[in-house]
Each structure stands twice: as C-alpha cells, then as structure tokens.
1. Considering only region 196-228, state which residues are under 22 Å from GLY146 (Cα atoms), in a strand (DSSP E or B) and not hydrophobic (A, V, I, L, M, F, W, C).
2. Scanning region 190-215 for residues that are in contact with a Lys or Arg (Cβ under 9 Å, 6 or more places away or on another chain) and either farther than 19 Å from VAL132 by Cα or hydroxyl-bearing (Ser, Thr, Tyr) (or both), which turns out surrounded by the most Cβ atoms within 10 Å (Cβ to Cβ)?
3. Filtering region 84-103 down to residues that are in contact (Cβ under 8 Å) with a residue 40 or more places away in the chain and assigned to a strand (DSSP E or B), which residue is surrounded by the fewest Cβ atoms within 10 Å (Cβ to Cβ)?
4. If I filter region 216-226 down to residues being of a type in the set (D, E, K, R) and surrounded by 15 or more Cβ atoms within 10 Å (Cβ to Cβ), which single residue comes out as nearest to SER266 (Cα to Cα)?
5. If a residue counts only when it is hydroxyl-bearing (Ser, Thr, Tyr) and farther than 13 Å from VAL125 by Cα, which helices (runs of 4 or more DSSP H) contained entirely in region 1-61 have at least 2 such residues?
Amino acid sequence: MTLTASQLDAYLARIKIDRPVSLDLHGLSSLHRAHLMTFTFEALDAFMGWPSSLTPASAFAKMVEGKRGGWCYEMNGLFGAALDALGFRVTRLCGGVNREILGDIAIGNHLTLRVDIDRPYLAEVGVADAIVEPVPLGIGPISQRGFDFSIMSTEDGWLRFNNHVHGIAHSFDFRIDYSDEAAMAAMHAWLMRDPGSPFTNALAVLRHTADGYVALQNDRLRNVMPNSVSEHRITSADHLADTLETVFDLEIPQPGHVWDKIRAISRDQAA
C-alpha cells in the first residue's frame, strides 16, 4: 500500500517536510515526529457511526485533503504508505492492544509498522500518546521527552510495547514478522460497530504537544506532561466545537451532535 507521486507531495507539504528526505534514521525520525505534530489521533468515526475505511487512500482523503485526524489504522496506514512511496522498507504488522488482559481476541485491533534501515525499527504513530520518534526493534527500556516505555518478550513469543504510566492503552503486542490484513479488517469492523467496542462508547481525541500531549475523553480534557497531569471539563457544545478546532486542529461536521452523544453517555452512566 503506497501513495501516488502527487499524493506524496501533498502529504509532505501537509507535514511541512521538504525534499530530499534521507532514507536513514534521521529521515525516518523527522517524518515520524512531523506526522505526530501535524495529525491528531481521533476515533470520531467509530464514536459517531460515520463511515471509515482501512485503505491509506481513504486516510489520505480524510487527513491530508480534509482537516481530520485518524486512529491507528489510518495514522499508521497513511504513514506507512508515505514511507513506502519515499523508498523505505516498510512492513505492516498486526498487533493487539491490551492483549495481556484480553488475550488473543485482541489480535488485529492495532496496526503498527516495522521499518528496516540499518536494523529493524518500530515506527508507531497510531497509539496516540506514546513515542514521538521510531525506536530500535529490540528488548529494553525506552525514554523519550521524560516518558518511560519499554519493549519486552512475552512468554508465548510475542513482543510487548509497554506504554508510559499515564498512557490510555497500557500495552500492545506484536511480532516482527506477523502481518494479517484479514484479522485487522475484521477487528476494524468490530471496533467501528459493536456496542462492546471502546470507541463506540467513548470519545477519544489526542494530540502531541512540544513537551507532552493533550487528551479528550468524552468531556474530560487532560494536559499530560511527564511529571504532571491537569484536567478540565468541557461544558457545552460550543466549548467542544472550539476545543476541537483550536486545541486539536480538527474540522468536525456537526460538533453539536458529538456533544449530544457525550451527554447521552453521561446520563446513561449516571442512571
């Protein structure tokens, strides 16, 4: 899955990266950080029941031509397609967020990327609140911007990326050579529609900042830095619309309808 030449030019312009892009760790790291500082993680399509697709072409139309973000399938999908078009060696890996808790039923609920340069690297722009630059694909601790992560081996032969202490997703499991597009398509459909999906029952929007990130979960807005977390409440439809536009750089159709669903969920939880 790749981008056309014109799509690649538009993508690079959107993330403000000039050619030439070096096909080395420096080039990959620059692209990785620029992607995360440009695009917001958001699962509004699942929350609102709006159409969504697994294809990078669909993610391109939504995120580059439109003013939207995306979730893991779109964030990592678009990024991987752009890397492939540039000439990087990219492998789409089938992962499982919180597999340590959910078991193998989680396999396919996450797309991550392996990029081979001088060695394999984990490129991950789809977890939302994790690494901002690629990391060597190996066992050990990771520290970026004061946040601590790690990659460890599981007893059954998978690798587990452990998120930092404030992370919404605690971990995801993957294998360095395991890609299963059918499993991801099936989980994408389930996450989009099933009442048991965490994304149909809660709004999730996250965006990286210079020294941390800001996260919106339903009406809770958190600013997270390595040593501090502050929280505020969204109080109205207008407040939500302004937050989505000014904090998350998103243009969302009918934000009032999003607020109506948030309030309905709050009422159901209080009942």
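1. Of everything in region 196-228, those that are under 22 Å from GLY146 (Cα atoms), in a strand (DSSP E or B) and not hydrophobic (A, V, I, L, M, F, W, C) turn out to be ARG207, HIS208, TYR213, ARG222, ASN223, SER228.
2. LEU203
3. Step by step, filter region 84-103, then rank; the result is THR91.
4. Once the filter is applied, the top-ranked residue is ASP219.
5. Output list reads 5-14.
Here's the yes/no breakdown for (1) farther than 28 Å from VAL21 by Cβ; (2) outside any loop (DSSP other than H, G, I, E, B); (3) at pLDDT 95 or above:
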residue: ILE105; (1), (2), (3): yes, yes, yes
residue: ILE131; (1), (2), (3): no, no, yes
residue: HIS166; (1), (2), (3): yes, no, no
residue: ALA169; (1), (2), (3): yes, no, no
residue: ASP173; (1), (2), (3): yes, yes, yes
residue: SER179; (1), (2), (3): no, no, yes
residue: ALA182; (1), (2), (3): yes, yes, yes
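The values are calculated or read from the model by the stated rules, or taken from the named source; none is laboratory data. Keep in mind the model is a prediction, meaning the values are calculated, not measured. Glycine also receives a Cβ, built like all others from the backbone with ideal geometry; neighbour counts cover every protein chain displayed.
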